Amino acid sequence: MIVKPKVRGFICTTAHPDGCKAIVKSQIDYVKSQPKADGVKKVLVIGSSMGYGLASRIVSAYSFGAATLGVIFDKASNGSRTGTAGWYNTAAFEEFAQADGLYAKTINGDAYSKEIKDKVIETIKKDLGKVDMVVYSLAAPRRTTADGTIYTSVLKTVGKAYTNKTIDLKTKTVSDITVEPASEDEINATIKVMGGEDWKEWIEALKAADAITDNAVTVAYSYIGPEITHAIYADGSIGKAKDHLFRTAQEITAADDGIKAYISVNKALVTQSSAAIPIVPLYISILYKVMKEHNVHEGCIEQMYRLFNQKLFGGEVQTDAECRIRLDDLEMLPEIQSDVNKLWQDISTENLDTHTDLDGYWDDFYKLFGFNADGVDYDADTDIDKKIPSIE
Ligand code: NAD
């Protein structure tokens, strides 16, 4: 099949297997080009097929030589439709890891379910004994709990409506958007999906099965961002879930059995989940421009390299006063935020070309789905039926 991008709203419904492979390879090559280090050796990555989770898996494997077990929720091709990008990324990662002599297996299914937790634990017991790190990097729109209830997360404000600028990426127009406040039920559902309850269930299940070491480290990801995004993010419904995630980290550590849980506050980047948030994509496209001009721009792989090699395992764990790891340190530099703010105040449809890095935004967006990769012939036929080696 000749695979072309089909963009619908803020997702692309096709993915290119060779492009995904090339992009995974470029992330691996980046890590290979950096000094190797000593760190964790057996890593479980929950949400390992895209974005920060995939980058965490690549860094664990290629910086520390770790065995990685990934949990994904992806689809193979059915013959007429392409597989998901996460499927192709995982197939490529496993192929590279095996060729490089690294253990890599993947379980495909709903990470929130008991069935998948049981499968993961069985694989750990059989192949690895115990894991010494758990990365929790889920970004999900909904969660079904054991009693069958479906909770759907929302990206809304809390308390009162908020109006600010947003961008329609397709028509390249800037307009005002008003985001309505979430109801109490919607806030609670968002906490169920994106808060820490499931993270804790994973750690408890691993402990009960004796499948996690006594001094293991676990990390989950969060975002804070500048004032202009607070109403929709840090103080919004997703922010309430992230507050819960943070309290969960404290609870896991407070159990005092040696396992340490951290929240890493990461940089805003184009991923499948951030593209869906109102206001944020316009902020990101300005941020990209400013960070590139200041020569401090990073993608998921550079962020995760820094997390694993400097902040988490490069000696003492580096945190702020509230015990959070700050990978958003460069994004939040006063000179970066002051430049972003000036552009934000002035931004309109007419000056998008001079005030944003929209090309960089779109390039990252297409790359999420395996398009725009160097060295891939997108006019050539490709086999969309790729196997993930460890999945039957
Ligand atoms: P992403 O959409 O790129 O990746 C999410 C991953 O979760 C995918 O691999 C997806 O397949 C997997 N997943 C979703 N539902 C699942 C399920 N039910 N079972 C198993 N796997 C499932 O998202 P991302 O941006 O990398 O986000 C990861 C974490 O990082 C989130 O907690 C997010 O809030 C946080 N974060 C993101 C940003 C950003 O700007 N993108 C910034 C800071 C923090």
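Please tell me if Asn215 is under 27 Å from Asp329 (Cβ atoms), over 19 Å from the mean Cα position of the chain (by Cα) and surrounded by fewer than 22 Cβ atoms within 10 Å (Cβ to Cβ). Full working, then the answer.
Numbers: under 27 Å from Asp329 (Cβ atoms): yes; over 19 Å from the mean Cα position of the chain (by Cα): yes; surrounded by fewer than 22 Cβ atoms within 10 Å (Cβ to Cβ): yes.
Taking the combined requirement at face value, the residue satisfies it.
In segment 254-280, how many are in a helix (DSSP H, G or I) and within 10 Å of the ligand (Cβ to nearest atom)?
Total satisfying the criteria: 4.
May I ask you to verify whether Val40 is assigned to a strand (DSSP E or B), in contact (Cβ under 8 Å) with a residue 40 or more places away in the chain and touching a strand residue (DSSP E or B) at 6+ places or on another chain (Cβ under 9 Å)? Give the steps one after another, and end with the answer.
Details: assigned to a strand (DSSP E or B): no; in contact (Cβ under 8 Å) with a residue 40 or more places away in the chain: yes; touching a strand residue (DSSP E or B) at 6+ places or on another chain (Cβ under 9 Å): yes.
Answer is no for this residue.
Look at Val135 and say whether it is out of contact with any helix residue (DSSP H, G or I) (no Cβ under 8 Å at 6 or more places or on another chain), within 12 Å of the ligand (Cβ to nearest atom) and of a type in the set (A, V, I, L, M).
Values: out of contact with any helix residue (DSSP H, G or I) (no Cβ under 8 Å at 6 or more places or on another chain): no; within 12 Å of the ligand (Cβ to nearest atom): yes; of a type in the set (A, V, I, L, M): yes.
When the stated conditions are applied, Val135 does not pass them.
Return the residue satisfying two criteria in turn: it lies in segment 106-122 and is within 19 Å of the chain's Cα centre (by Cα) and surrounded by fewer than 20 Cβ atoms within 10 Å (Cβ to Cβ), and of such residues it is farthest from Asp74 (Cα to Cα). Give the steps one after another, and end with the answer.
Of all residues in segment 106-122, those within 19 Å of the chain's Cα centre (by Cα) come to 106-112.
Pick out the ones that are also surrounded by fewer than 20 Cβ atoms within 10 Å (Cβ to Cβ) and you get 109-110.
Working: Gly109: 7, Asp110: 9 Å.
The extreme case among them is Asp110.
Of the conditions (1) touching a Phe, Trp or Tyr at 6+ places or on another chain (Cβ under 7 Å); (2) of a type in the set (Ser, Thr, Tyr); (3) open to solvent by 20 Å² or more (accessible area, probe 1.4 Å), Thr13 fails just one. Which one is it?
Going through the list (1) touching a Phe, Trp or Tyr at 6+ places or on another chain (Cβ under 7 Å); (2) of a type in the set (Ser, Thr, Tyr); (3) open to solvent by 20 Å² or more (accessible area, probe 1.4 Å), Thr13 breaks only (1).
Quick one: is Glu94 open to solvent by less than 20 Å² (accessible area, probe 1.4 Å), within 15 Å of the ligand (Cβ to nearest atom), acidic (Asp, Glu) and modelled with pLDDT of 95 or more?
Spelling it out, Glu94 is indeed open to solvent by less than 20 Å² (accessible area, probe 1.4 Å), within 15 Å of the ligand (Cβ to nearest atom), acidic (Asp, Glu) and modelled with pLDDT of 95 or more.
What number of residues in segment 21-75 are away from the ligand (no atom under 16 Å from the Cβ), farther than 21 Å from Ala220 by Cβ and basic (Lys, Arg)?
4
Return only the number of the condition from (1) of a type outside the set (Ser, Thr, Tyr); (2) within 16 Å of the ligand (Cβ to nearest atom); (3) open to solvent by 20 Å² or more (accessible area, probe 1.4 Å) that Ala189 does not satisfy.
(3)
Find the residue count for segment 55-81, including only residues that are touching a helix residue (DSSP H, G or I) at 6+ places or on another chain (Cβ under 9 Å) and either over 25 Å from Asp110 (Cβ atoms) or open to solvent by less than 10 Å² (accessible area, probe 1.4 Å) (or both). Can you show your working first?
Just the residues of segment 55-81 that are touching a helix residue (DSSP H, G or I) at 6+ places or on another chain (Cβ under 9 Å), to begin with: 55-64, 66-77.
Of the ones still in play, those that are also either over 25 Å from Asp110 (Cβ atoms) or open to solvent by less than 10 Å² (accessible area, probe 1.4 Å) (or both) are 55-64, 66, 68-72.
Selection size over segment 55-81: 16.
Mind checking which residues of segment 286-298 are within 13 Å of the ligand (Cβ to nearest atom) and surrounded by 24 or more Cβ atoms within 10 Å (Cβ to Cβ)?
The answer is Leu287, and nothing else.
Could you look through segment 20-43, keep only residues that are within 19 Å of the chain's Cα centre (by Cα) and not aliphatic (A, V, I, L, M), and pick out the one that is surrounded by the most Cβ atoms within 10 Å (Cβ to Cβ)?
Cys20
Would you check which residues across segment 129-143 are within 19 Å of Ile187 (Cβ to Cβ), open to solvent by 20 Å² or more (accessible area, probe 1.4 Å) and part of a strand (DSSP E or B) and list them? Full working, then the answer.
Initial filter on segment 129-143 (within 19 Å of Ile187 (Cβ to Cβ)): 138-143.
Checking the rest, the ones that are also open to solvent by 20 Å² or more (accessible area, probe 1.4 Å) come to 138-142.
The one that is within 19 Å of Ile187 (Cβ to Cβ), open to solvent by 20 Å² or more (accessible area, probe 1.4 Å) and part of a strand (DSSP E or B): Arg142.
Quick check on Ala209: is it surrounded by fewer than 22 Cβ atoms within 10 Å (Cβ to Cβ) and away from the ligand (no atom under 13 Å from the Cβ)?
Criteria met by Ala209.
Does segment 226-244 contain at least one residue that is touching a helix residue (DSSP H, G or I) at 6+ places or on another chain (Cβ under 7 Å), open to solvent by 20 Å² or more (accessible area, probe 1.4 Å), away from the ligand (no atom under 16 Å from the Cβ) and more than 18 Å from Leu138 (Cβ to Cβ)?
no
Within segment 157-184, count every residue that is open to solvent by less than 60 Å² (accessible area, probe 1.4 Å), assigned to a loop (DSSP other than H, G, I, E, B) and modelled with pLDDT under 95.
1
To keep it simple, each residue is scored yes or no on (1) open to solvent by 20 Å² or more (accessible area, probe 1.4 Å); (2) more than 25 Å from Ser49 (Cβ to Cβ); (3) not in a loop (DSSP other than H, G, I, E, B).
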{"site": "Thr319", "(1), (2), (3)": "yes, yes, no"}
{"site": "Cys323", "(1), (2), (3)": "yes, yes, no"}
{"site": "Gln337", "(1), (2), (3)": "yes, yes, yes"}
{"site": "Trp362", "(1), (2), (3)": "yes, no, yes"}
{"site": "Pro389", "(1), (2), (3)": "yes, no, no"}
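For the list (1) assigned to a loop (DSSP other than H, G, I, E, B); (2) out of contact with any Lys or Arg (no Cβ under 6 Å at 6 or more places or on another chain), I need the number of the one condition that Tyr112 fails.
Answer for Tyr112: the failing condition is (2).
Scan segment 299-312 and give yes if some residue there is within 30 Å of Glu94 (Cβ to Cβ), open to solvent by 50 Å² or more (accessible area, probe 1.4 Å) and charged (D, E, K, R), otherwise no. Reasoning before the result, please.
Our first condition is that a residue be within 30 Å of Glu94 (Cβ to Cβ); within segment 299-312, this holds for 299-312.
Next, only the ones that are open to solvent by 50 Å² or more (accessible area, probe 1.4 Å) stay: 302, 310.
Going one step further and asking which of them are charged (D, E, K, R), we end up with 302.
Yes, the conditions are met somewhere in segment 299-312.
The values are calculated or read from the model by the stated rules, or taken from the named source; none is laboratory data. Values in this document were obtained by computation on a predicted structure and should not be read as measured data. When we count neighbours, we look across all protein chains shown, and the Cβ atoms used for this are built from the backbone with ideal geometry, even at glycine. Calculation scope for accessible area: heavy atoms of the full protein, side chains included, ligands and nucleic acids excluded. Shrake-Rupley method; radii C 1.70, N 1.55, O 1.52, S 1.80 Å.
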